[in-house]
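What follows is a short report on a single structure.
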Ligand SMILES: *Cc1c(COP(=O)(O)O)cnc(C)c1O
């Protein structure tokens, strides 16, 4: 027996008159406007367990007097509603998403299939190690693989995102210095750094010391020398940096920082350029965080779960968060897995074992690609970014005229000076060409920046279409009256938002179509 689910008209038997709007293409009702008393999108199988009256379960003072005001909709209307909403959205599954720094690349569906396996998805995180050997083996294999990719000794898989990894890394830095009886107050970051870096340094209890970039777009070595002293706990770097350029002096930077007793932190949010080519550990880094949700196949951008594992060199292993899955030898030499908390652990950075299914996805991605495949990802990502750079040189300004890595920073400065068109206008206009906008106004040190990361997943035809769109937009900017471009986009579900008002009045308002 089941509860009556839906009758032919989508309403449960006995439902009241329909006050919900009729649905045509022009209608964009909310779920509550679709609500119709008695409609349901679920049906429960009767369990055979006798029902317990509510007054025996919940004392009177704790019972609500009115039912929860939920929308009452049929499955059919519910599916239509969310499908309509999903069509108003742009996603990596729909088209190119060249958002620099944050790597929005296509995520192969096989990774979702793996993460959805009942033996992985259905396990309670509190189940003892003796019952979850497969899960622990997976975590150990992922940790070892990430260490091989980065050239480090061991890793924690707990942090939930890049910023959480950064904080973990800074707490590890602090724990290491304190264990040696050294009290230090400063962490150096370059002026091209991602915004989370200074935030994490402050949260980690350190003072931010900024070093400028030189005209190559790299750390200014002379400026670095003037800020290095025994009060420096370490330096945080991204290499390639957020200008998409490789820090050529990395070996000299590592030597100089280590000489004053500091540590090197690698912001590896985006490993797309270096996979299988170079390793942060070989460059001299002591701590590396990775964003599995950027490089290793977890969709992100909608605020869903991520993972920011932190890998460290040998001397920092005793301080890692715990518990960590480890392999031990049993009497008959077959591998057995256990949870272990390192002796001087900084403690937990996440409940249970982190966002475990994101970790499963990452291992699936790595295994599916293999070592050669990972290297090919990096080579293609770098090739694609350089193709875009070469193609658009002359159409837009290219602030640093040297080969880039996985992303390229262009500037709209000349066009703005001549025609008043800004990077924001170009980005908004591009939406109407069927592409997501690139990152704009970052890095902060480039005027009117457009930061494009085409990624390895787009075909030459898609790159050609993207380049043509950006060329067309530059042409329009140069041939229309000032202000013309500021009207775009015209055809997206949400047009220009009033950003000042959005920041000051935290109530969603938008200019809906039609
Ligand atoms: C995305 C990113 C981060 C932050 O990662 P979250 O997962 O968003 O916290 C840090 N550094 C760089 C270079 C990034 O691109």
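The values are calculated or read from the model by the stated rules, or taken from the named source; none is laboratory data. This structure is a prediction, so every number in the text was calculated from the model and none was measured. We place every Cβ from the backbone using ideal geometry, glycine too, and count neighbours over all the protein chains shown.
More than 16 Å from the ligand (Cβ to nearest atom) and either assigned to a loop (DSSP other than H, G, I, E, B) or without any contact (Cβ under 8 Å) to a residue 12 or more places away in the chain (or both), is that true of residue 143? No, not satisfied.
Suppose the filter is within 13 Å of the ligand (Cβ to nearest atom), over 21 Å from the mean Cα position of the chain (by Cα) and under 28 Å from residue 438 (Cα atoms); does residue 190 pass it? Yes; evaluated as a whole, the condition is true for this residue. Are any of the residues in region 102-120 more than 29 Å from residue 351 (Cα to Cα) and within 16 Å of the ligand (Cβ to nearest atom)? Looking for residues that are more than 29 Å from residue 351 (Cα to Cα) and within 16 Å of the ligand (Cβ to nearest atom), one finds none in region 102-120, hence no.
Has region 252-270 got any residue that is within 15 Å of the ligand (Cβ to nearest atom) and assigned to a loop (DSSP other than H, G, I, E, B)? Yes, region 252-270 contains at least one residue that is within 15 Å of the ligand (Cβ to nearest atom) and assigned to a loop (DSSP other than H, G, I, E, B).
If you check 304, 308 for being part of a loop (DSSP other than H, G, I, E, B), within 12 Å of the ligand (Cβ to nearest atom) and surrounded by fewer than 20 Cβ atoms within 10 Å (Cβ to Cβ), only one passes: 304. Among what's in region 271-301 and is more than 19 Å from residue 97 (Cβ to Cβ) and in a helix (DSSP H, G or I), pick the residue that is nearest to the ligand (Cβ to nearest atom). Taking the candidates together, the pick is 280. One residue alone among 244, 262, 217 is at negative phi and buried (at least 24 other Cβ atoms within 10 Å of the Cβ), and that residue is 262. The sole residue among 125, 159 that is modelled with pLDDT under 95, touching a helix residue (DSSP H, G or I) at 6+ places or on another chain (Cβ under 8 Å) and more than 17 Å from residue 366 (Cα to Cα) is 125.
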